[in-house]
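Chemist: I'd like to ask some things about the structure below.
The values are calculated or read from the model by the stated rules, or taken from the named source; none is laboratory data. Predicted model, so just to flag it, every value in this text is computed and none were measured. Cβ placement follows ideal geometry from the backbone for every residue including glycine, while neighbour counts extend to all protein chains displayed. Remember, those area values only see protein heavy atoms, side chains included, never the ligands or the DNA or RNA. Shrake-Rupley method; radii C 1.70, N 1.55, O 1.52, S 1.80 Å.
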Amino acid sequence: MTSLIRGRPRHATGHIGVRVGHAVLGGVTGAVWLVLPVMTSVAQDPVPAGGGTVAAASAEGDGASGTDYVLPLVAVAAAGALGGYGYVRRVRRARSRTTPGIVSPLPPAPSPVDLERQARASLVLADDCVRASREALGQVDADESVVRALRSARTELSAAFAIWQRYEEGAPEDPGGRRQALVGVIGRCAEAGRQLDAQAAGFDAAWDRGDALAAAEGRFRELAARTGGVQRALAEAGERYGAAAVDPVRGCLEQAKDRLVFATGRLNQARQEADYGNGDGYRRGLRAAEGAVAQAGVLLGAVTRLVAELRTAAELLPAALTGGEAELAGLRGAALPARLTHADAVLAAVREELTGGPYDPLDALRRVVRAVEGTGGGRAGVIAAGAELVARSALGVADDFVGVHRRAVGVRARALLAEAGSAAPADADRLARRALEAAGRDVRAHGNPFAGQGAHESGLAGVVLGGVLLGQEDDGGPVVAFGGPETRGRWG
């Protein structure tokens, strides 16, 4: 790692001087070797008999002998070698210089706006990876290491959302601290993704061990058989409690059917690919079907849960009214008169609704809880139980909505939902409802990118919106599997 960061090992620079010295010596030696034949021929040339006068006259006429060229050539060679040595030293000093802006300047740090944009994107991506991995893990009997990786990733993501929450509230205030907070968000999200990426192969091994096709087909048949009963229960709840009471799950039944239609086509595709021996096609088709079936289960479960919560709230409401009236009576003189007057009016209006036509039990219970808590009461007993039921219902509706529409949902709704998950019941209810509103706005703004494309299979738009497919191509793109940013699209 050190060599990757610093470029060249330290001990390597210590040999540069030795190598340059060798180069100088080699240059001088080469020059001497070149002139050596000249020196030898001059020294050993025989003197012809009787020709000494002519030879002497010739030498004088040339003005110099061969030996006169030896020293200049040596000097030139030495100068060239020393010049090369100086050049190498200058280059080495320039490369090792640390003065900013002279050699190899560092890239500019991202601006606060860019850093905040990166943090937002990191939160959305990490949340998508955790949600998709949780859905995928519900389809297999994985090893504990895989389960533990998902748990660790969720912990990192929760910490990232907590930092982001404080950042949005203005803490810390100094620019350096705020920058560090954003870096912390990005780092936590990256670690969550790394945890999931590290166990992607473990998930694949567990998936290959079981009979995934038989399991998916069995789950599909179970949900298809439930659809009729869920539809009847929803219709009955609407008649009994009114349309407003079932509004939080409006459209869930139709979306569940849409997911099941998509799953039908992909299950058939997976079986055909298995018959042809195409392992990659089998895995892609089956994994897409698993994701669609899982989200159909979430959507049907949301309807079933809300119907049950409406029934529970209707049973709890009379006791909550009685308990609330008793608490208000005990607070008279201690609480502000205006708050008591408002609380009395709310409880009276709710009691009147009970004797009138259809009403929303969860909304009525919510109003009773808030009215009593507004006077300083409601910390124990039936009011506290009502607060927990209302908060749990709001959290469930918001979390399911974000999960099955996650491709369109931005960071605001996800952050509110994460904050609601660790808040007291009264705050959790408010935050979850705000998260649902924000997510709804995101989905409406996103629209349907596959609308009007009749060539696509039925249900494709829903599974892309739900994050089962990455939506990178016209056919929906790669299927999403267990994993982080680097591995979640590995099944093509």
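Chemist: Give me a comma-separated list of calculated 3J(HN,Hα) values for the stretch 269-276, in order, Karplus coefficients 6.51, -1.76, 1.60 applied at θ = phi - 60°, integers in Hz, x for any Gly or Pro.
Modeler: 4, 4, 5, 5, 5, 5, 5, 7
Chemist: With a 1.4 Å probe and all protein chains in place, put 422, 152 in order of accessible area, largest first.
Modeler: Final ranking, largest accessible area leading: 422, 152.
Chemist: Label residue 355 and residue 235 with points 7 Å out from Cα along Cα→Cβ: what is the distance between them in nm?
Modeler: Distance between label points: 3.3 nm.
Chemist: Among 182, 322, 230, flag the residue with its Cα farthest along the positive direction of the charge dipole of the stretch 173-332, charges on Cβ as +1 for Lys/Arg and -1 for Asp/Glu.
Modeler: 230
Chemist: Rounded to the nearest 0.05, what FRET efficiency is calculated for residue 475 and residue 111 with R0 set to 22 Å and r the Cβ-Cβ distance?
Modeler: Once rounded, the FRET efficiency stands at 0.05.
Chemist: Determine the gain in length on full extension of the stretch residue 169-residue 214; use 0.36 nm per residue of separation and subtract their C-alpha separation, reporting nm with one decimal. Let's see the in-between values first.
Modeler: Numbers: separation 45, 0.36 × 45 = 16.20 nm, distance 4.95 nm.
Taking residue 169 through residue 214 to full extension adds about 11.3 nm, to one decimal.
Chemist: Residues of the stretch 300-429: accessible area per residue at 1.4 Å, in Å²?
Modeler: Using a 1.4 Å probe on heavy atoms only, each residue of the stretch 300-429 averages 41 Å².
Chemist: Could you please state how large a percent of the accessible area of the stretch 321-474 is carbon and sulfur, counting protein chains only and using a 1.4 Å probe?
Modeler: Working: 3640 of 6910 Å².
Ligands and nucleic acids excluded, carbon and sulfur reach 53 percent.
Chemist: Another question about this same structure. Treating the stretch 349-492 as a set of equal point scatterers at the Cα positions, no solvent, please give the Debye-formula log₁₀ I(q)/I(0) at q = 0.11, 0.18 Å⁻¹.
Modeler: So the normalised log intensities are -0.57, -1.01.
Chemist: Nothing charged except the Cβ atoms of Lys and Arg (+1) and of Asp and Glu (-1): what's the magnitude of the dipole of the stretch 147-271 about its Cα centre? Round to the nearest 20 debye.
Modeler: Values: 19 positive and 17 negative charges, 66 e Å.
With only Lys, Arg, Asp and Glu charged at Cβ, the dipole is about 320 debye.
Chemist: Given a 1.4 angstrom probe, I'd like the percentage of the accessible area of the stretch 139-209 that is carbon and sulfur, rounded to a whole number.
Modeler: Roughly 48 percent, rounded to a whole number.
Chemist: What are the extents of the Cα atoms of the stretch 163-207 along their three principal axes, listed from largest to smallest and rounded to whole Å?
Modeler: 48, 16, 6 Å, listed from the longest principal axis down.
Chemist: So what's the Cα pair-distance distribution over the stretch 271-341, bin width 10 Å, in %?
Modeler: 16, 19, 16, 15, 12, 10, 8, 5, 0
Chemist: Using the per-residue mean of other Cβ atoms lying within 10 Å as a proxy for protection, in what order, highest first, do the peptides 190-196, 288-294 fall?
Modeler: Per-residue mean Cβ counts within 10 Å order the peptides as 288-294, 190-196.
Chemist: Right, something else. With the crude spin-label approximation of a point 7 Å out along Cα→Cβ, what separation in nm comes out for residue 143 versus residue 345?
Modeler: Going from the residue 143 label point to the residue 345 one covers 6.5 nm.
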